[in-house]
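Written out below as structure tokens is the structure these notes cover.
The values are calculated or read from the model by the stated rules, or taken from the named source; none is laboratory data. What you see is a predicted model; the values in this text were computed from it and never measured. Cβ: placed from backbone, ideal geometry, glycine included. Neighbour counts: every protein chain shown. When the accessible area is computed, the model is the full protein with side chains, heavy atoms only, and any ligands, DNA or RNA have been set aside. Shrake-Rupley method; radii C 1.70, N 1.55, O 1.52, S 1.80 Å.
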Amino acid sequence: MKQMALDMGLAASPSLNSFLPGPNREAFEHLRLWVSHTARSPVPTYLWGEHGSGKTHLLKAVAQHIQAQGGQFGWLDCTSAQSPEFNPAWEVLLLDDVQHYSAVAQHTAFNWFVNAASAGANRQPWVLAAGTLPPQDLPLREDLRTRLGWGHVFHLQLLDDAQRRDVLLSHAQALGMHLGNDLLDYLLSRFSR
């Protein structure tokens, strides 16, 4: 007998609607304005904070939104096997975990910045980047580090336990599940935050 895996669809794509901003409302509203086309500025945005503060979720949510609108984006993180060439059709350049970029990834990110700046005011893609350190402390080449820090910079804070409980409840409800208080207490006390 062969056992078959049942795809229950538990991996929901990150979206802005599924993000609980908590103490990060200012950064969240900045991103919502940008994706709504009401405040599309070419000034880069850099998000920084501890692991688990929602940086990658927000970058993936912007990517999902752009893709749903029929647009294109460039994605670069420390696990990217190849460094893709800049594409002038990209609406946004998404740079994740910049503190771990190799010399090749740093070169690619800088190249994307230069190409984005020379694309012209009507087609200039937005740069949205994230890392665990503030821009001035990033172990990157100087020209890339200063470009990441010259625009909007937001320090994302971790959610407290009550807010984490709300995130778990809303995610479970979106999946049609009910989580009791005992299970929530267990999850919050036993698993990584």
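Structure values in brief
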read-out: Viscosity 1.002 mPa s, temperature 20 °C, Stokes-Einstein D of the range 24-127 from Kirkwood C-alpha radius, µm²/s; value: 151 µm²/s
read-out: Using alpha-carbon coordinates, inclination of helix 161-174 to the longest axis of the chain, degrees; value: 80 degrees
read-out: Gyration tensor (alpha-carbon) shape descriptor, the range 77-155, a/c threshold 1.5; value: oblate
read-out: Sorted peptide list for 75-85, 26-36, criterion being average Cβ within 10 angstrom, highest first; value: 26-36, 75-85
read-out: Cα long-axis angle, helix 55-68 against the chain (0 to 90 degrees, to the nearest 10); value: 80 degrees
read-out: FRET E, pair TRP150, HIS107, Förster distance 22 Å, beta-carbon r, rounded to 0.05; value: 0.70
read-out: For the range 39-136: accessible area per residue (Å², 1.4 Å); value: 45 Å²
read-out: Principal-axis tilt of helix 181-190 within the chain, Cα atoms, nearest 10 degrees; value: 50 degrees
read-out: Under the Debye formula (equal points on every Cα, no solvent term), log10 I(q)/I(0) of the chain at q = 0.17, 0.19 Å⁻¹; value: -1.14, -1.33
read-out: The chain, relative contact order in percent, only Cα pairs under 8 angstrom and at least six apart counted; value: 28 percent
read-out: Alpha-carbon spread of the range 108-187, three principal axes, descending order, Å; value: 54, 31, 20
read-out: Solvent-accessible area, 1.4 Å probe, carbon plus sulfur percent, for the chain; value: 53 percent
read-out: Förster radius 30 Å - calculated FRET efficiency between ASP137 and LEU183, Cβ distance, rounded to 0.05; value: 0.15
read-out: Fluctuation leader among VAL104, VAL62, VAL92 - the chain, Gaussian network, Cα springs under 10 angstrom; value: VAL104
read-out: Computed helical MRE - 222 nm, the chain, DSSP H runs ≥ 4 contributing -39500 (n - 2.57), nearest 500; value: -11500 deg cm²/dmol
read-out: ASP160 accessible area, assembled protein chains, probe 1.4 Å, Å²; value: 80 Å²
read-out: Accessible surface ranking that places the most exposed of PHE191, PHE154 first, with a 1.4 angstrom probe; value: PHE191, PHE154
